[in-house]
Amino acid sequence: MVSNQILQSTVEGIKEISKTDLCILDTEGKVLASTIQDAARYSDAVALFAESEAESQVVSGCQFFKVTDGSELEYILLANGDGNDVYTIGRIAAFQIQNLAVAYKERFDRDNFIKNLLLDNLLLVDIYNRAKKLHIDTESRRVVFIVETTRENEGSDLEKIRSLYSTSKKDFITAVDEKSIVLVKQLGDREDNEDLEKIGTSILNALTSSDSARVHIAYGTVVTDVKEVSRSYKEARMALDVGRIFFEEKQIVAYSILGIGRLIYQLPMPLCKMFIREIFGDRSPDQFDEETITTINKFFENNLNVSETSRQLYIHRNTLVYRLDKLQKSTGLDLRVFEDAITFKIAMMVVKYMKHMENMDYS
């Protein structure tokens, strides 16, 4: 349904050009938009006209026109005056409003199709039948972006993203819930991961403002069939969730970079607790002092290179070796050995995941 604001803007624009007052009412006679003074006086006549077989009619010096969206009666248009010029202007206005109604209905149908496609609410045969009816290419390359902000979303963010891609009928922008905006972006044959990152950056720049709201953007992998769009959406949703845990510093997260974090995110909590208990007993990696944690993180950043790590920490090599030996005595893991380093790294990520899930339970 076209908004009353759009209808009002339309009748005001036509009046400015034609100097003819217009009014749009629903089929029950309720005024939706008008430049005619006291248009409500025609309500009873409009209700009768809506039930009649006539397509147009003159009542009390006013031209009445029916506006359909193709099959169903949507509006009654009034054009003030009973001359031929007013009749012509009324017909043109009715045609314009009809086109608006059809366009908005098609947009609603496409949005509805995309939402159901994302949420896996369609049978396979329905996907292809509805895509064909809505003139949506079924074999194009597509990727799903999810945009989430911490500020209250009153539609402004949705409109900002739509303004970026409004010129393309091949892209779809919708909101599947109160927090998330979804962009289903159609790609060219040569667009790659670098281009996807640029798309994410352009969205981020469009939404970044002076307030304290933080924007998070995630995207799935590229799919080549319309039926796989839901998979890209689920990947983007996982990237958004996993990104909050393991990539806190990043505002744009791709599903392809999640790595082992994606596996940990899918582990049941009892299994996580058992793993940590088997490796560390009653002690947890997050209970180490800040100096030890800093040393461990820097050692991992430098790919287990003792010399480079000691240089970046501004400590003697022997001091670093002493810290690693001390850690080995308390945990039984030597971070200079690849397998032990992997075990410790996974354990730290598991603990981070567990703490996140506990905070989610308390919130």
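The values are calculated or read from the model by the stated rules, or taken from the named source; none is laboratory data. Owing to the predicted nature of the structure, the values given are computational and were not obtained by experimental measurement. In this analysis, Cβ positions are derived from the backbone assuming ideal geometry, glycine residues included, and neighbour counts consider all displayed protein chains. For the accessible areas, the whole protein counts, side chains as well, though only heavy atoms, and no ligand, DNA or RNA atoms are used. Shrake-Rupley method; radii C 1.70, N 1.55, O 1.52, S 1.80 Å.
Figures for the structure shown
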read-out	value
Hits in region 269-287 - residues which are open to solvent by 70 Å² or more (accessible area, probe 1.4 Å) and not in a helix (DSSP H, G or I)	ASP282, ARG283
Search result, residues across region 202-250 that are outside any helix (DSSP H, G or I) and surrounded by fewer than 16 Cβ atoms within 10 Å (Cβ to Cβ)	THR208, SER209, SER210, ASP211, SER212, ALA213, ARG214, THR224, ASP225, GLU248, GLU249, LYS250
Single residue of GLN63, GLN37, GLN98, GLN57 found to be surrounded by fewer than 16 Cβ atoms within 10 Å (Cβ to Cβ), touching a strand residue (DSSP E or B) at 6+ places or on another chain (Cβ under 8 Å) and polar (S, T, N, Q)	GLN57
Among (1) open to solvent by 70 Å² or more (accessible area, probe 1.4 Å); (2) free of Cβ contacts under 8 Å to residues at least 24 places away in the same chain; (3) within 33 Å of the chain's Cα centre (by Cα), the one test that SER3 misses	(1)
Scope region 158-189; condition in a strand (DSSP E or B) and not hydrophobic (A, V, I, L, M, F, W, C); matching residues	THR174, SER180, LYS185, GLN186
Selection count, region 349-363, where residues are outside any helix (DSSP H, G or I) and in contact (Cβ under 8 Å) with a residue 12 or more places away in the chain	0
Members of region 330-343 that are in a helix (DSSP H, G or I) and either surrounded by 13 or more Cβ atoms within 10 Å (Cβ to Cβ) or touching a residue at least 12 places away in the same chain (Cβ under 8 Å) (or both)	SER330, THR331, PHE338, ASP340, ALA341, ILE342, THR343
Strands (runs of 3 or more DSSP E) wholly inside region 32-150 that include at least 2 residues being closer than 30 Å to GLU191 by Cα, modelled with pLDDT of 90 or more and under 23 Å from the mean Cα position of the chain (by Cα)	141-149
Extreme residue, surrounded by the fewest Cβ atoms within 10 Å (Cβ to Cβ), among residues of region 109-119 that are hydrophobic (A, V, I, L, M, F, W, C) and in contact (Cβ under 8 Å) with a residue 24 or more places away in the chain	LEU119
Residues that are closer than 19 Å to ILE276 by Cα, part of a helix (DSSP H, G or I) and open to solvent by 20 Å² or more (accessible area, probe 1.4 Å), drawn from region 288-313	THR292, ILE293, ASN297
Output for region 314-329, where each listed residue is open to solvent by 60 Å² or more (accessible area, probe 1.4 Å) and out of contact with any Ser or Thr (no Cβ under 6 Å at 6 or more places or on another chain)	TYR314, HIS316, ASN318, TYR322, LYS326, GLN328, LYS329
Counted residues, region 17-34 - those being open to solvent by 20 Å² or more (accessible area, probe 1.4 Å), within 13 Å of GLY81 (Cα to Cα) and polar (S, T, N, Q)	1
Meets criteria (within 23 Å of SER3 (Cβ to Cβ), without any contact (Cβ under 8 Å) to a residue 40 or more places away in the chain and open to solvent by 70 Å² or more (accessible area, probe 1.4 Å)) for SER71	yes
Where ILE346 falls short, out of the listed (1) closer than 15 Å to ILE293 by Cα; (2) in contact (Cβ under 8 Å) with a residue 12 or more places away in the chain; (3) open to solvent by less than 40 Å² (accessible area, probe 1.4 Å)	(3)
